[in-house]
Amino acid sequence: MKEQILVNITPQETRVATVEDGVVQDIHIERSTHRGLVGNIYLGVVKRVLPGMQSAFIEIGLERAAFLHIADVIEQRQHPNEELRIERLVHEGQPVVIQVIKDPIGTKGARLSTQISIAGRFLVFLPQETHIGISQRIENNDERDRLRARLESLLPSHHLGYIIRTSADHATDAELLADIDYLNLIWADIRQKSQTQPPKSLLFQDLSLQLRTLRDMVNSETEEVLVDSRENVQKMREFAQAFVADVFPRVQHYSGERPLFELYGVEAEIERALARRVNLKFGGYLIIDQTEAMTTIDVNTGGFVGHRSFDDTIFKTNLEATHVIARQLRLRNLGGIIIVDFIDMDNDTHRNAVMDELQKAIGRDRTKVTVSNFTSLGLVEITRKRTRESLAHVLCEPCPTCQGRGQIRTAETVCYEILREILREERQFKAREYRILASQNVIDMFLDEESASLAQLVDFIAKPIYLQVETAYTQEQFDVVLI
């Protein structure tokens, strides 16, 4: 498998795409005006404690107060069997060192934790803990025990907590020790700032996207990291040389005339990832609807008729959909609850095969994902950890015409609203005449299909009604002017 990481950098934004064997697998975008907050550490101030919700609102200098739940308080995590109360742990006006674990999404403020974690190349430092954890991606128990014993041999007897990342498997002792020193320096700087900086101060900001790419995304399968900015190639090489030396030779400057993302088809993939419909190779398709609460994915056979039985057609469509669904979750960075409505299958063997294939396809995701089996209604529930905004939330905004509904009222419906509005106005104000200001489609409807309705109203109120096209109006917009 040939894996490449493409980095497209402009002064306004950084975009990173992972390409495997010529196929785009995931896309990350970070804008200079709106960098993600996940991983940032602040000296917050408790604004309000909500005992009924066992949570608190914390001011960290953002437009909206951030949210801290009892489950994310370090004392509760250290004593999971005890029922601690939020009002006994924090109080209004109290300064508290907290870390952002979820970006503000939609109308929700940032989600916080008082459990601090600082990511390095091979380790994640947990300065409030004393245990050593292992990445869940390392499944072999012997390998987990070996890595834990190896790290413990490098640490003093009374050490703080760490999580061993998958990349640590190939790290030397010197590299692990360098990572430990680097993380300890960061923590010492955070502690010093927390005692000297004013409330709502930023104590630590995670690396920029291009540097996080080198730290977190490059692995043994990555052949090269192509960067289209000469200035940033130098910065990335300097970071790699200091902290991820094995990555240094793979950071290359792309100097071709054709834009990097266009050459590898990433621009077209971004366009497709914003569409509601995703076509499958053999004629089927997916319909993906994203809401604030959850995402639904509907699988359809479309034009795929297969060559054998109808059951076989359904099975092959569902099987193909599993890989496309897993890839779309990564491309669109969909998080939270995802409900997949596969085409109904009566054959248990087929259902099990589809489930196995879905688990296999999702297993490649860097983000934590859990998959539940088919429900009695034939639905599959997927939960994917949501920390940052989805691709659509980053690149798009609600349509000003439909306000995000995805549909608008028909011209006929608007005509009837206008007629009712004129009746209301006539009963209240008794104007001499009326003027309707509306879009071209609505005025055309009044002049054609609804001309009789308008004439009836003119006769009923015994007042003239004039029509005027407003080209700037959307189909739902109108004004009734009283003269």
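What to note about this one:
- Rounded accessible area of His79 (nearest 10 Å², 1.4 Å probe): 80
- The antiparallel fraction among DSSP beta bridges confined to the chain stands at about 75%.
- The mean sequence separation of alpha-carbon pairs under 8 Å and at least six residues apart, normalised by the residue count of the stretch 53-123, gives a relative contact order of 31 percent.
- Take the stretch 191-245 with all the other protein chains still there, run a 1.4 Å probe, and you get 53 Å² of accessible area per residue.
- Under 24 Å from Lys200, Cα to Cα: lysines that are on another chain or at least 8 residues apart: Lys47, Lys102, Lys108
- In the context of the full protein assembly, Thr301 retains an accessible surface of approximately 30 Å², using a probe radius of 1.4 Å and ignoring ligands and nucleic acids.
- Pairs of Cα atoms nearer than 8 Å and 6+ residues apart set the relative contact order; for the chain it is 12 percent.
- By a 1.4 Å probe calculation restricted to protein chains, Asp216 has an accessible surface near 50 Å², given to the nearest 10.
- Taking all protein chains into account, the per residue accessible area for the stretch 361-432 stands at 63 Å² (1.4 Å probe).
- Three semi-axes describe the equivalent ellipsoid of the stretch 235-280; taken as square roots of 5 times the Cα gyration tensor eigenvalues and ordered largest first, they are 32, 15, 8 Å.
- Loop-located trypsin sites (Lys or Arg not before Pro) across the stretch 192-295 with a Cβ neighbour count of 13 or fewer within 10 Å are Arg276, Lys281, with loop assigned by DSSP.
- Cα gyration tensor shape for the stretch 14-173, rounded if a/c is under 1.5, else prolate or oblate: oblate
- Annotation note: chymotrypsin sites (Phe, Trp or Tyr not before Pro) in the stretch 308-399 located in DSSP loop regions with a Cβ neighbour count of at most 14 within 10 Å are absent.
- Here the stretch 112-260 carries DSSP beta bridges of which approximately 50% are antiparallel, counting only pairs with both residues inside.
- Anisotropy class of the stretch 209-321 from Cα gyration tensor, a/c 1.5 cut: prolate
- Note on the chain: helix-only mean residue ellipticity at 222 nm, from DSSP H runs of 4+ residues weighted -39500 (n - 2.57) and normalised by residue number, equals -10000 deg cm²/dmol.
- Close amide H contacts of Cys399 (hydrogens built in the peptide plane, cut-off under 5 Å, sequence separation of 5 or more or a different chain): Gly404.
- Answer label for percent of Cα pairs over 39 Å apart (calculated), chosen among (i) 41; (ii) 24; (iii) 14: (i)
- Ranked from largest to smallest solvent-accessible area, with a 1.4 Å probe on the protein heavy atoms, Thr295, Thr349 come out as Thr349, Thr295.
- Neighbour-limited loop hits for trypsin sites (Lys or Arg not before Pro), the stretch 95-164 (at most 16 other Cβ within 10 Å; DSSP other than H, G, I, E, B): Arg137
- Relative contact order computed over the stretch 109-240 (Cα-Cα under 8 Å; 6+ residues apart), in percent: 25
- Radius 10 Å from Cβ of Gln468, net charge of other residues (Lys, Arg +1; Asp, Glu -1): -1
- Charge tally in the Cβ shell below 12 Å around Val481, where Lys, Arg are +1 and Asp, Glu are -1, Val481 excluded: -3
The values are calculated or read from the model by the stated rules, or taken from the named source; none is laboratory data. Bear in mind the structure is a predicted one, so any value in this text is a computation, not a measurement. So basically every Cβ, Gly included, is an ideal-geometry build from the backbone, and we count neighbours across all protein chains shown. Accessible surface is based on the protein model in full, side chains and every heavy atom, while ligands, DNA and RNA are left aside. Shrake-Rupley method; radii C 1.70, N 1.55, O 1.52, S 1.80 Å.
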